[in-house]
Each structure stands twice: as C-alpha cells, then as structure tokens.
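Quick note: the coordinates plus some simple rules give every number you see, no bench work behind them. What you see is a predicted model, and the numbers here were worked out from it, not measured in a lab. Neighbour counts run over all protein chains shown; Cβ positions are idealised from the backbone, glycine included.
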Protein chains: 2
Amino acid sequence: MSGYAPSEAARRSGFSLDTLRYYEKIGLLADVGRTTGGQRVFTDDDLGWLVLFRCLRDTGMPIAQMCRYAELAREGEHTADERRELLQQHAARVEEQMLLLSRQYEHLREKIRFYERLPGPVPETDQPTANRLGPAVSR
Amino acid sequence: MSGYAPSEAARRSGFSLDTLRYYEKIGLLADVGRTTGGQRVFTDDDLGWLVLFRCLRDTGMPIAQMCRYAELAREGEHTADERRELLQQHAARVEEQMLLLSRQYEHLREKIRFYERLPGPVPETDQPTANRLGPAVSR
DNA sequence: CTCCAACCTGGAGTGCGCTCCAGGTCAAGC
DNA sequence: GCTTGACCTGGAGCGCACTCCAGGTTGGAG
C-alpha cells in the first residue's frame, strides 16, 4: 500500500534512479517523502504520477509541458479544464504522429518489398520508389 | 528532370538548408553536384535519397544507421541483402513503436475521458486510473 | 558493532541532431 | 557593371533529456 524504495520505484516505473531524482529536481515530481535519514520513499500516488509521465513521454510530450500539467494539478481542482485541454491538444498531436508513422511505415515496407523482389524472376530496374540505390552516381 | 537549387531541394525534401549541408558533411548524402562556382545542384536521385531519409528519420532511425545504409548502397549491389536486413530490423522496431504509441494513446484517452466526466452528473471520486491529481498530497 | 550495498547531493558531462554565425563568394536581373 | 539575395565554408553553440561522478551518509543483515 505505501512506501517504495527508490530502486523499487525505478523498477516499477521504468525510469532510472537518476531520472527519478532529475524529475524531482526540476519540480516535475514534487513532495516525495523521505526517511528521517533523508532517503526517498515513493508512495502509490507518486507511482501513479510516474505511470502518467511514462505515458506522456512515450507519446512525445516535452518535459516542460509535463511540468506545466503537474503544476496545474498542484494548484487545485479549478485548473481541471486547462489540464483537460492540455491533454486533448497533446492527444491531437499524438494522432498526427501515429498517422505519419504509419504512412512512413508503408513506404518502408514498399522499399523492403523491392529488396525482396531483387533475387526473384525478373530483375526489373526502375522500381516505383524512384531511386536505384546502387553505385549509379548519376551526374 | 535534373538540377535543383539548394533552396528548392530543401523545399521539396522538407529538410532545412543547414540540414542538407550537414547531411553532406557527415557523408550521408555523397557526391552532390556543384556548379563551376561551387554551389550545390541536387539531382532527382539526390531528391530520392532525401525522401528515403525523411522516411527513416520520421520512423526514428538514428543517423548513424542511415549512414551505414547509404554506405552499403554506395558499395554496390552485393550489399543488397545486408541493406534489406537493416530495413527489416528497422521495420520491426517501427512496429513496436506503433504498438507502444497506440497503447499509450489509449491511456491518454482514458485520462481525458476522466476529465470529461468531471463536470458531469455524478462527480464520482476514485477513477480507475488510480491517481487523483488534485492538491491531495497523500503522505 | 561492523559492514556494505543502496542511497544522498551538487554539479559537470554526454549524445543527438541539428542550427547559427561570421566573413566571404556567386550569379541572375537591371 | 552593379546590386542583391542566395549560396559557400569551418566551426561554435544550442536544446533536450538525461547520465555520470566524487565524495559522503544511511540502514538493514549478520
């Protein structure tokens, strides 16, 4: 239910110890508990934040924006609208990202298909992707 | 059919002039033609390479790997297998990337749905995502 | 009580992929 | 011939997100 050692928090969140310390230093993760001796103790709540940060990072949100979000959350319930908007705008960017990624993935597959046809029946030159990639320097 | 000025090549490829020069400097783009005065002239072949680089960059391939690919291509037809493998391995990484991205996108959407339910009928606390994100510091 | 692995701090360093700059050259239009 | 905007080079600088380090402290096992 409660306290996790730094190494445990790192293991569970997938962030390195250094990254956890870094996130605290820049104010992304605030108010992390300590033992009397000064060692960090992460709560389930902290872990929840880390899961969120993992999600936002994996989807390409810059750290500055995550800080903004965290700050808003700390300010209280009256910032909920702004937080929602921030996430929605981010989601829109993620959608574009996914679209671009899948389009480019298709190009990549096409290129690979070209290579797979290479040792095949007819070694037809001039494939649709428009560059031969051989030693032809063409100038 | 043939020569493009640097600015035109930049416009068509979506890379900046500086990036084009940089790509040439590190040997990613080799043998770019020049006028007698020393100004670059990009061919359709060069443009084809740039389109490929665009695809690989957009899908997250590190520049070092693109260099490796370009080098292989310059070495001749006998490296076709290695090039295909390189692209296939990259494609596999892209697939993982797309999977992760769409999973995290779903988490994000869930979070947003939580915010959209906030001003709704019943302001039920304790949503499934397991962190309240309010001022509750919980320690 | 002793040990040692895990932890602490502040600050410097790293890797990537550009991006910017100064100071000079080129070439197309008038 | 002159102007002017696009271009050239080598090299420095930047922004991001960590990552590493030295030198010291903590705390649970034996």
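Evaluate peptide A:102-112: per residue, the Cβ atoms of other protein chains within 10 Å of its Cβ; return the mean as an integer.
6
Count Lys and Arg as plus one, Asp and Glu as minus one, and take only other residues whose Cβ is under 14 Å from that of B:THR19; the net charge is then +3.
Shape class of region A:6-117 from the Cα gyration tensor (axes a ≥ b ≥ c, square roots of the eigenvalues): oblate, since a/c reaches 1.5 or more and a/b does not exceed b/c. Sorted from nearest, the other copies put their A:ASP81 label points 6.5 nm away, the label point being 7 Å from Cα in the direction of Cβ.
Separation between the A:ARG103 and B:GLU116 pseudo-spin-labels, each 7 Å from Cα along Cα→Cβ, expressed in nm? It works out to 2.5 nm between the two label points. Distances between copies at B:PRO62, taken between label points 7 Å from Cα along the C-beta direction, are 2.4 nm in increasing order. Each part reduced to its alpha carbon centroid, region B:61-98 and region A:87-111 end up 20 Å apart. Across the copies of the chain, B:LEU17 has label points (7 Å from Cα along Cα→Cβ) spaced 5.0 nm apart, shortest distance listed first.
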